[in-house]
Amino acid sequence: MAKHVQRGDDARLLSLTTGVVSHAFGIFPATGADKLRDVERVKGTKRREFEADAAAIGASRSRLLDLPESPLIVGAEGYHAIVDEIRDHRPDVVLCPHPAEFGSFDHMDAGRVAIAAIDYARSDGYPSALGPWLVGDVFTFYYENHRSGQFLGAPRQAPDVVVDITTVVDRKRAAMAAFAGTQAKPGEDYGAKLDRFFASVDGALGYAAGTGYVERFSHELCHKRIRLHLAGRDPRLSLVVLQRHVHGVLGQPIPRRFGNPVPRRFGTPSPGARYSLQRDHGRRRGGSGPAYPERR
């Protein structure tokens, strides 16, 4: 998301819940009938963190719906709000959690809800004052260490899009750091935790890809219209991110070109490539990526 903002695309961020149930650590008492008496105050803190996160990413607009969470409950009113957000922004691309992210059931529900809302948004008869909108592409993301394949009982679709985020990794880190007030556990060094995250996830994946930092996505939906749009007819792109709650790992970018599940190579997009990655040199090539040993 930050990478698209960097190149001039219009991006919005929509959070379905505050994350106050599962991502507010050491704030509520462990026991007691009134342990949640301060929940609205904590929600206010989460809301301010969310706004700071969206500002760090550079989103043109952000919205937090504060739907019931754990379990995530979305009724007709909630769907109407999501569909209206899609129809108002008219995005070419939507990013959302994968509907089968085992280990985080609200994330799975958010992915399912987002994909359903995308379908509803294109329907002429949906009860909305705004006109229908057909989203061109959907990209899903999930935590790399979740064993979703075991949960599904079958091999899960592997990520088929890799995006080099080295040029905006500082912006992503600043966005994640905005949640330290509610997500740092008692006695935890949140900055050191972020360092470990970037080294072991985005940095490790980047090293395997031969660059600095990367993020990976699964391409769920594609229409010819969006491929033509990204091929050069319009340099700008509209983007909306729908996710479960405010937990810091958000603002996921997407590639400039889509189509092939495996890129031919890193480099500047060329007319003959369905999509490719813009290389940002890592530290082992003299840049700012993670300091991994040189590969031989």
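Every number here is computed from the coordinates shown, using simple stated rules; none is lab data. This is a predicted model, so every value here is computed, not measured. Please note: Cβ atoms are built from the backbone with ideal geometry, for glycine as well, and neighbour counts cover all protein chains shown.
Ordering K193, K43, K185 by the number of other Cβ atoms within 10 Å of each residue's own Cβ, fewest first, gives K185, K193, K43. When M1, M108 are sorted by how many other C-beta atoms sit within 10 angstrom of their C-beta, beginning with the fewest, the order is M108, M1. Under 20 Å Cα-Cα from K3, which lysines qualify once same-chain neighbours fewer than 8 residues away are excluded? Leaving aside lysines fewer than 8 places away in the same chain, those within reach of K3 are K172.
The distance between label points at A30 and A184 comes to 2.2 nm (points 7 Å beyond Cα on the Cα→Cβ vector).
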